Amino acid sequence: MEARKTREQSPTPFPQTYFHGTKAGLTLGDLIEPGNNSNFAKRKNAKYIFLSSTLDAAIWGAELTVGEGRGRIDLVEPMGEIEDDPDLNDRKSPGNPTKSYRSTAPFRVVGELTIWKGHSEDKVKAMKEALEKLSTEGIDSLNDE
């Protein structure tokens, strides 16, 4: 019983893992910063950058980003505060089920996840069509409020 209490109170040796889906060829130590062209939509200068603590959300980011090349999932370390991404959270469902966040502070690339399984071609096509429909309706947010 006493050993169990001690174990429950001990800090975890593993920090929170954050993922960033992209097609950019980033390397260890690179910074991802706001102000660059976004990976999505109209590719205007992005006010925010995005990350997730779920692999599924990062896979969507890697699959849906514009550009040539393969989708990549970088492991990143936020260099400042992060907050819930309102496009994927309270507007669609309560809380933050996708564990998706945004920031105006940079992220440092600390690794790359090289083995992952993407969504089916049909799912990706359906998601792209749904995003295109939203865009034609004038809904094209990357939180540039």
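The table below lists the values:
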{"read-out": "Residues located in the range 54-64, provided they are without any contact (Cβ under 8 Å) to a residue 60 or more places away in the chain and either crowded, with 19+ Cβ neighbours inside 10 Å or assigned to a helix (DSSP H, G or I) (or both)", "value": "56, 57, 58, 61, 62"}
{"read-out": "The lone exception for residue 40 - which of (1) assigned to a loop (DSSP other than H, G, I, E, B); (2) modelled with pLDDT of 90 or more; (3) among the hydrophobic types (A, V, I, L, M, F, W, C) it fails", "value": "(2)"}
{"read-out": "Condition met for residue 141 (modelled with pLDDT under 90, over 17 Å from residue 62 (Cβ atoms) and of a type in the set (S, T, N, Q))", "value": "yes"}
{"read-out": "From 75, 51, 26, residue being at pLDDT 80 or above, more than 20 Å from residue 124 (Cα to Cα) and in a strand (DSSP E or B)", "value": "75"}
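The values are calculated or read from the model by the stated rules, or taken from the named source; none is laboratory data. All values reported here derive from a predicted model rather than from experimental measurement. Neighbour counts run over all protein chains shown; Cβ positions are idealised from the backbone, glycine included.
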